[in-house]
Amino acid sequence: MKMYEISKEAIDIQAVIDKVVQREAGAITTFIGTVRELTHGKKTLFLIYEAYEAMAVKKLEQIGSEIEQRWEGSCVAITHRVGRLDITDVAVVIAVSTPHRADSYEANRYAIERIKEIVPIWKKEHWEEGEAWMGNQLETVAYPSGKPEAGDLDE
Amino acid sequence: MNKVLFFAHLRDAVGSEFLSLDASGKTVAELKADLAATYELPRMETVMTAINEEFASNDEVIGDGDEIAFIPPVSGG
């Protein structure tokens, strides 16, 4: 069973949850990251996610190992989508099971924060007036220039 | 020879998903500087590098056959 995956197809949320079912668990938390329409008042039309897939899977595995060392008895599964995603589509699903619920919430939060630090996946925002690769997690800086340029406006 | 991979805005700037070139003996910083000059790559100071799918520091020396990837600030999740 592959616990860490990059998927070109829509993510089967229940299938990710099923991977972490264990008799020792008293809790499973599931984080579902979805495509938001408005960011600081700016309207997104759709996103393109791109991954350095081989390395992204390794880095997801690393996050899973970090969690399993830090929260005893935990079990982790993560699937991240790539390709074109529309508003409300599911971009990432993280399932964590642990013996007790507090650990499950904490570990799941840790996973998404680490994804945003070390997993080589990028999103390209498409707006009505242009497009840009997003370069940081505050979503305030886009490359190459911080905002859509005049040259992008016709696309 | 080395395969050098580009992602996100770097891929757009280079116009290709990867280049095949001989970078062995160079440090990561040297290769970065060479490519930044050739392709006018923007904001390379924010770009991380991976050698064989693991993050590498700027002073690491590239060996023959190593796969190099330039990793702009990530935005998954």
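Being at pLDDT 95 or above, in contact with a His (Cβ under 8 Å, 6 or more places away or on another chain) and either among the β-branched types (Val, Ile, Thr) or farther than 19 Å from A:Phe31 by Cβ (or both) narrows it down to one residue among A:Ile115, A:Ile87; which is it?
A:Ile115
B:Val4 fails exactly one of the following numbered conditions: (1) more than 12 Å from chain A (Cβ to nearest Cβ); (2) surrounded by fewer than 18 Cβ atoms within 10 Å (Cβ to Cβ). What is the number of that condition?
All conditions are met except number (2).
With the checklist (1) among the hydroxyl-bearing types (Ser, Thr, Tyr); (2) surrounded by 15 or more Cβ atoms within 10 Å (Cβ to Cβ); (3) not in a strand (DSSP E or B) in hand, flag the one item A:Thr30 doesn't pass.
If we test A:Thr30 against (1) among the hydroxyl-bearing types (Ser, Thr, Tyr); (2) surrounded by 15 or more Cβ atoms within 10 Å (Cβ to Cβ); (3) not in a strand (DSSP E or B), just (3) comes out false.
When you scan region B:36-56, do you find a residue that is within 28 Å of A:Ala111 (Cβ to Cβ), surrounded by fewer than 17 Cβ atoms within 10 Å (Cβ to Cβ) and more than 12 Å from chain A (Cβ to nearest Cβ), even just one?
No; the residues of region B:36-56 include none that is within 28 Å of A:Ala111 (Cβ to Cβ), surrounded by fewer than 17 Cβ atoms within 10 Å (Cβ to Cβ) and more than 12 Å from chain A (Cβ to nearest Cβ).
Kindly list, by first and then second residue, each pair from a residue in region A:113-133 that is at the interface with chain B (Cβ under 7 Å from one of its Cβ atoms) and surrounded by 18 or more Cβ atoms within 10 Å (Cβ to Cβ) to a residue that is in a helix (DSSP H, G or I) and hydrophobic (A, V, I, L, M, F, W, C), limited to pairs with Cβ atoms under 7 Å and residues at least 6 apart or on different chains.
Matching pairs, first to second residue: A:Ile115/A:Ile63; A:Val119/A:Ala56; A:Val119/A:Leu60; A:Pro120/A:Met55; A:Pro120/A:Ala56; A:Ile121/A:Ala56; A:Trp122/B:Ala8; A:Trp133/B:Ala8.
Table: residues versus (1) more than 12 Å from A:Ile11 (Cα to Cα); (2) among the small types (Gly, Ala, Ser); (3) under 12 Å from the mean Cα position of the chain (by Cα).
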position	(1), (2), (3)
A:Glu53	yes, no, no
A:Lys58	yes, no, no
A:Gln69	yes, no, no
A:Gly73	yes, yes, no
A:Asp86	yes, no, no
A:Val93	no, no, yes
A:Ser97	yes, yes, no
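So, A:Ala95, is that one outside any helix (DSSP H, G or I), away from chain B (no Cβ under 12 Å) and touching a Ser or Thr at 6+ places or on another chain (Cβ under 7 Å) or not?
Answer is yes for this residue.
When you go through (1) farther than 24 Å from A:Arg101 by Cα; (2) in contact (Cβ under 8 Å) with a residue 12 or more places away in the chain one by one for A:Ile28, which number turns out not to apply?
All conditions are met except number (1).
The values are calculated or read from the model by the stated rules, or taken from the named source; none is laboratory data. The shown structure was predicted, so the numbers you read here are calculated from the model rather than taken from an experiment. Ideal geometry is used to build each Cβ from the backbone, glycine not excepted, and the neighbour counts take in all protein chains shown.
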